[in-house]
Each structure stands twice: as C-alpha cells, then as structure tokens.
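Down below is the structure, laid out as structure tokens.
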Amino acid sequence: MKFIALTIFPELLQAFWDNGIMRRASAGGIIEPSALNVRDYAQGRHKVTDDRPYGGGCGMVMKPEPLAAAIGAARRTAPGAPVILLSPQGRRFDQPMAKELARCEGLILICGRYEGIDERISEQFVDLEVSIGDFVLTGGELAAMAVMDAVTRLLPGALGNEDSADQDSFRNQRLDCGHYTRPPEFEGRTIPQVLLTGHHELIARWRRADGLMRTLVRRPDLLQLKPLDGEEIGLLEKWRGEIDKLIRSQRDSGSGPSPGGG
Ligand code: 4FV
C-alpha cells in the first residue's frame, strides 16, 4: 500500500516511518511510504507555500498552486489512491474507517499547516476530509500518522500474528479487556486468577465479559452501534441481578439510603 504525505515537514514523517511496526511493514513491502515536500512545488526564489488570508484576519493560508502541483505528482505515483485532507472539519476517523481505507491501493494525505489550505484545493482535488478529533493541531502530520498507523496494522502481515488485530478494541464496537503480564503480584495487586488456569474457553469468556463491562462503564454509546449478542445479554442480566441483590441487601441492612434515594 502506497502512502504519499504532502507536507512542509517531511522529516516528521520519516521518523515515524523509520520505527516499529511502520519500519517493519515498510521493509516487508507491505507499505510504501513517501513524503513530498510541498515547498519543492512552490514557485519563485523563496518557494513560498503560504500567504495572507483574503478578507483579513490572523494566520496564514496554504497557497493552492504548490499543493495542486504536489497532488498532481502524487497522483502520477499512485493513480488509484484517494486524496485525503486531514482537518478538524473532516469525517471523524475511527476503526471502521481504518478498515475501509485499508482496502485502498494507496492514500495521498494532505497535511495542512497554518490556518489550513485554500478551499479551492478541497473543492477540486480532495476525495475525503478526515478529522482525528475535535481539537486543533498545529499541522496535519500527526493526524496523517494516526491514520497511516491504524491502517497499516490492519494490513496482512503487518502485525506479528494476524489475529492480534482481530482482538482489537472497537473490533466489534466493544472496548478491549484488561491485559496482564508477569509478575503475578505487583505492589500488592494480583491478576484475575482465571488467566492462570490455561483454560482457553474460560479465559476467552472472561476477556469478553471484561471488555463488555468496560464498554458498559466507559463507552455505553458503543453498545448502541452493534446489537448485544446472547452472551452479552446473559452477562448484563447476571450483573443486573447482582446489582439488585446488592441494593436490596443495603436497604435491608438499613445502611443504604431509603427508597427514593432520600
Ligand atoms: C486536524 C484534526 C487538525 C488544523 C489547522 C492543521 C490542523 C492546521 N487534522 N484532525 N483535528 N489540523 O487539527 O485532522 O492546518
């Protein structure tokens, strides 16, 4: 998969590509990352890539001509790749979108700087505008790295063993379970004993239950995105029973608040 990042700071991307899973995926030919320096496509002695905004106001805007030329060059290298602009106005990036993008033969990623890029570039060249969250960065490079990272780890052969991407958070709109490794006791804290049983089905069931509880507590919104399966309904009913019993026992012992919460 080709990744072509359009940026005025290619060294930022290089450091990202030269390490970890990205480095291994690149060495293994799973990804083919490259950066085009937009400044190389700017005219004039000073190779200016930004200018003052029409209508006044603070900050600068990235000029359309260098970007259009750089996009043209990228498209010649990866003709079938969608042109993606990273910006706070884009569609929110998430795991399902990562899966969608992982099916592309390549991605051309425009990393804006300053206040953003000239809108006419978006109108004429951009296939998809993507946001990694409702906050403002100084540049699109970090957002482009997040997208490339999440997509790369879904590519066959990128992760050590295939199925680890299958156990991901958000895989089926549920948070991941807790993970533990040696030592068995750390600062007085132990680990769930079921993980020491070697009983794979029991361990898998515990992990699903732990993931569900974390989703229920931290991200109940995710439960609306994919219907509960039979096992999940069973677990929730069991927990509801335990919660009801707890409340009843509190009431009966008179230690809890009176009915109606007074
Ligand atoms: C951003 C985001 C983001 C806005 C102006 C770059 C900056 C500057 N990109 N998700 N949030 N971009 O804040 O993707 O050009």
Exercise for the section: Please state the charge dipole magnitude for region 9-59, taken about the Cα centre, from unit charges on C-beta atoms (+1 on K and R, -1 on D and E), reported in debye and rounded to the nearest 20. Expected result: 60 debye
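Determine by what factor the alpha-carbon radius of gyration of region 1-143 differs from 2.2 N^0.38 Å, reporting the quotient.
1.03
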Problem - Charge dipole of the chain about the Cα centre (unit charges at C-beta), most positive-ward option of 19, 159, 212 - result: 212
Handout entry: Under Karplus coefficients 6.51, -1.76 and 1.60, residue-wise ³J(HN,Hα) of region 223-233 in Hz, glycine/proline x
Key = 5, 7, 7, 9, x, 5, 8, x, 5, 5, 4
Practice task
Answer with one residue from 150, 42, 71: the one whose Cα lies farthest towards the positive end of the charge dipole of region 30-159, charges on Cβ with Lys, Arg +1 and Asp, Glu -1.
Solution key: 42
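Please work out whether region 1-57 counts as rounded, prolate or oblate from its C-alpha gyration tensor, where a ≥ b ≥ c are the square roots of the eigenvalues and a/c under 1.5 means rounded, while otherwise a/b larger than b/c means prolate and anything else oblate?
prolate
Assuming R0 = 45 Å, what is the FRET efficiency of residue 128 and residue 190, from their Cβ-Cβ distance, to the nearest 0.05?
Numbers: r = 47 Å, r/R0 = 1.04.
That gives a FRET efficiency of 0.45.
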Exercise for the section: With a ≥ b ≥ c taken as the square roots of the eigenvalues of the C-alpha gyration tensor of the chain, please select rounded if a/c is under 1.5 and otherwise prolate if a/b is larger than b/c or oblate if it is not? Expected result: prolate
Handout entry: Helix axis angle, 64-77 relative to the chain longest principal axis, alpha carbon, degrees
Key = 70 degrees
Handout entry: Total charge dipole magnitude, region 1-114, about the Cα centre, Cβ charges on Lys, Arg, Asp, Glu only, Debye to nearest 20
Key = 60 debye
Exercise for the section: Taking 7 Å along the Cα-to-C-beta vector as the label spot, tell me the residue 172-residue 154 distance in nanometres, rounded to one decimal. Expected result: 1.8 nm
Exercise for the section: Could you list the GluC sites (Glu not before Pro) in region 95-145 that lie in coil according to DSSP, counting only those with at most 12 other Cβ atoms within 10 Å of their Cβ? Expected result: 105
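DSSP beta bridges in the chain, what fraction antiparallel, as a percent rounded to 5? Spell out each step's value before the answer.
On the way: 4 of 25 bridges.
Approximately 15 percent, going by the DSSP bridge assignments.
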Handout entry: Estimated dipole of the chain in Debye, rounded to 20 [Cβ of Lys and Arg +1, of Asp and Glu -1, Cα centre]
Key = 180 debye
Completion exercise
Sparse-neighbourhood loop hits (chymotrypsin sites (Phe, Trp or Tyr not before Pro), region 102-211; DSSP loop; Cβ within 10 Å at most 12 others) -> 135
Problem - Positive-pole candidate from 180, 202, 137, dipole of region 110-241, charges at beta carbon - result: 202
Problem - Fewest-first ranking of 122, 249, using other Cβ atoms within 10 Å as the exposure measure - result: 249, 122
Exercise for the section: Within region 27-61, report the trypsin sites (Lys or Arg not before Pro) that DSSP leaves as loop and that have at most 14 other Cβ atoms within 10 Å. Expected result: 45, 47
Practice task
Show which lysines lie in cross-link reach of residue 2 when reach means a straight Cα distance below 24 angstrom and same-chain residues fewer than eight apart are skipped.
Solution key: 99
Completion exercise
The residues 131, 253, sorted from fewest to most surrounding Cβ atoms within 10 Å, come out as 253, 131
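Every number in this text was worked out from the coordinates using simple rules, so none of it is lab data. Just so it is clear, the model here is predicted, and its values are computed rather than measured. Backbone-built Cβ (ideal geometry, glycine too); neighbour counts: all protein chains shown.
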